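Following: one structure in structure tokens, then a few remarks.
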Amino acid sequence: MAAPAAITLAVKAAIAAATDKRTWKAVGVIIAAILTPFILVIVMILSLLSGTSQHNNAAIDLCFNGGDISASIPAEYAAHIREMSNCFAVLDEAISEAEALMDGGALDNVRIKSVFYSLYFGAENLSLSDAEARAFVDCFVSYERNSDNHTVAVPVSLDTAYANLTAAGIPVSSEDKSNARQIYERIAYGGAGLYTGEIEYGGKGGTALEELSLLHPESKNNLDLVTYAVNAFNSGWGYVWGTYGDVLTDSLFAYKLEQYPDGVGEYEDFIRENWLGGRTTDCVGLIKGYGWYNPDTKTIEYGANGMPDIGADQMYRNAEVSGSMDSMPDIPGLAVWKSGHIGVYIGNGEVIEAMGTKYGVVKTKLEGRNWKAWLEIPYISYIAE
């Protein structure tokens, strides 16, 4: 055992060293020398993860919305983006074929493509035949006989779709489902949750259309579309998938819950608390509702005036006049589009859009909303102010 004197001397020496700045500096240099390589590795890993995340988000946006692939995206990623975009084009056709068999309404094409993306992005030499695309889309619908004994397509719940995919030999893991949900939330409802610009809200759930005064009620035109959209905004219309301006009664709500168990059912409590009893629409329903609006009876007559019951993407694909956003003319009543979403340009750099379940019909700025294209709606005429 060490002598007390030796212990005392050792303690004094330790205290002296601890209070000596030169000692601490030396210790600091040693620690820095030891830790620096680890810190650099961590920084590099975080940098790589950040870059990968940016590339992932860019890939998702490009696949769903189109656009030029940045030179900063690695060549391998760029190849995967082009392959997935080609597959999406084939899926769009298969979705349109299935929608043609529906008794009104549209499939949630963003949901279908989100699942496909989560399953297959990054697969080597990815391609999709027409038959494969139709088989994939068929997992999201069931085929039934209607009252006229015609075969109709009916959307199924997401859980049922996953079960159908598994039965078809396409297993969907929990990670795939989680990824699909994140992709869907990024793209669906026009990326409302990603928008950081100003959102202007209108009135408080008005239901009357009697005071709607159109400039040219004898025709369907861009100027009256603007008037109709502004009225929906001022009246505080809500958002419910698959609706187009009618009052959301208990019976209509029950029907939409059955028709769209995910797109509507997922938000049942919110809709019941905020939108039930008022007029509601979805994004393309705002345009279709105007097309079906009868100014004489002040009611919306489903399927009237040559306006088909189609989704936002099909509305864009059917347009004969359209272009990229940098070529957009300043014409009120043009529509602006991105994958799965559409809005009405009302002039002065503003858009009225049914933004999503948690938002309703709102007013946003044209700039900063990441619209991908403009179009003349093919079922109305365009006249000068």
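What follows is calculated from the coordinates using simple rules that are stated; it is not laboratory data. Just so it is clear, the structure is predicted and the values come from calculations on it, not from any experiment. Because the Cβ atoms are built from the backbone with ideal geometry, glycine has one as well, and the counts that use them run over all protein chains shown.
Over the Cα atoms of segment 49-170, Rg to Rh with Kirkwood Rh, two decimal places? Let's see the in-between values first.
Working: Rg = 16.2 Å, Rh = 15.6 Å.
Reported Rg/Rh, Kirkwood definition of Rh: 1.04.
FRET efficiency for residue 144 and residue 76, Cβ-Cβ distance as r, R0 = 30 Å, nearest 0.05?
Efficiency computed from Cβ-Cβ geometry: 0.10.
Which of the listed residues, 141, 161, 91, is farthest toward the dipole's positive end in segment 89-182, when Lys, Arg count +1 and Asp, Glu count -1 at the beta-carbon?
Positive-end residue among those listed: 161.
Residue 367 to residue 266: extension gain in nm, 0.36 nm per residue of separation minus the Cα-Cα distance? Walk me through the intermediate numbers first.
On the way: separation 101, 0.36 × 101 = 36.36 nm, distance 3.04 nm.
Using 0.36 nm per residue and subtracting the Cα-Cα distance, I get 33.3 nm.
For the pairs 113/363; 288/338; 204/298; 113/220, flag any whose C-alpha to C-alpha distance is greater than 22 Å. Could the numbers behind the result be given before it?
Working: 113/363 28 Å; 288/338 17 Å; 204/298 20 Å; 113/220 33 Å.
Over 22 Å Cα-Cα: 113/363; 113/220.
Got the relative contact order for segment 137-244 handy, in percent, Cα pairs under 8 Å and 6 or more residues apart? Before the final figure, lay out each step's value.
On the way: 73 pairs, mean separation 18.3, N = 108.
It comes to 17 percent, rounded to a whole number.
Report the Stokes-Einstein translational diffusion coefficient (µm² s⁻¹, integer) for segment 310-385, Rh taken as the Kirkwood radius over Cα pairs, at 20 °C with viscosity 1.002 mPa s. Present the calculation step by step, with values, prior to reporting the outcome.
Numbers: Rh = 12.6 Å.
In µm²/s, the coefficient is 171.
Using a cut-off of 15 Å between beta-carbons, work out the net charge of the residues near residue 294 (Lys and Arg +1, Asp and Glu -1, residue 294 not included).
Residues close to residue 294 contribute a combined charge of -3.
From the backbone phi of segment 230-236, what are the Karplus-calculated ³J(HN,Hα) couplings (6.51 cos²θ - 1.76 cosθ + 1.60, θ = phi - 60°) in whole Hz, Gly and Pro given as x?
5, 4, 4, 5, 5, 8, x
What FRET efficiency, computed as 1/(1 + (r/R0)^6) with R0 = 45 Å and r the Cβ-Cβ distance, is obtained for residue 294 and residue 126, rounded to the nearest 0.05? The partial results should precede the final answer.
Details: r = 48 Å, r/R0 = 1.06.
So, using R0 = 45 Å, E works out to roughly 0.40.
What per residue convex hull volume, in Å³, comes out for segment 217-319 when only alpha-carbon positions are used? Intermediate results must be reported in sequence, preceding the final value.
Details: hull volume 10.6 nm³, N = 103.
Looking at segment 217-319, the number lands at 103 Å³ per residue.
Taking neighbour Cβ counts within 10 Å as the exposure measure, how do 287, 300 sort from fewest upward? It would help to have the intermediate numbers written out before the result.
Values: 287 27, 300 21.
The order, fewest Cβ neighbours first, is 300, 287.
Lys and Arg at +1, Asp and Glu at -1: add these up for the other residues within a Cβ distance under 11 Å of residue 85 and post the number. Could the numbers behind the result be given before it?
Working: positive: 82, 113; negative: 83, 92.
Charge balance near residue 85 sits at 0.
Cα convex hull of segment 199-375: how many Å³ per residue? Let's see the in-between values first.
On the way: hull volume 19.9 nm³, N = 177.
Taking the convex hull of the Cα positions in segment 199-375, it is 113 Å³ per residue.
To make sure I understand, if each residue's beta carbon is the centre and we count other beta carbons within 10 Å, what order do 244, 201 fall in, fewest to most? Can you show the working numbers first?
Numbers: 244 26, 201 13.
Lowest count first: 201, 244.
Which order results if 365, 288, 220 are arranged by neighbouring Cβ count within 10 Å, fewest first?
On the way: 365 15, 288 25, 220 22.
Ranked by crowding around the Cβ, least crowded first: 365, 220, 288.
Extending each Cα 7 Å along its Cβ direction at residue 68 and residue 178, get the distance between those two points in nm, one decimal.
Simple spin-label model gives 3.7 nm for this pair.
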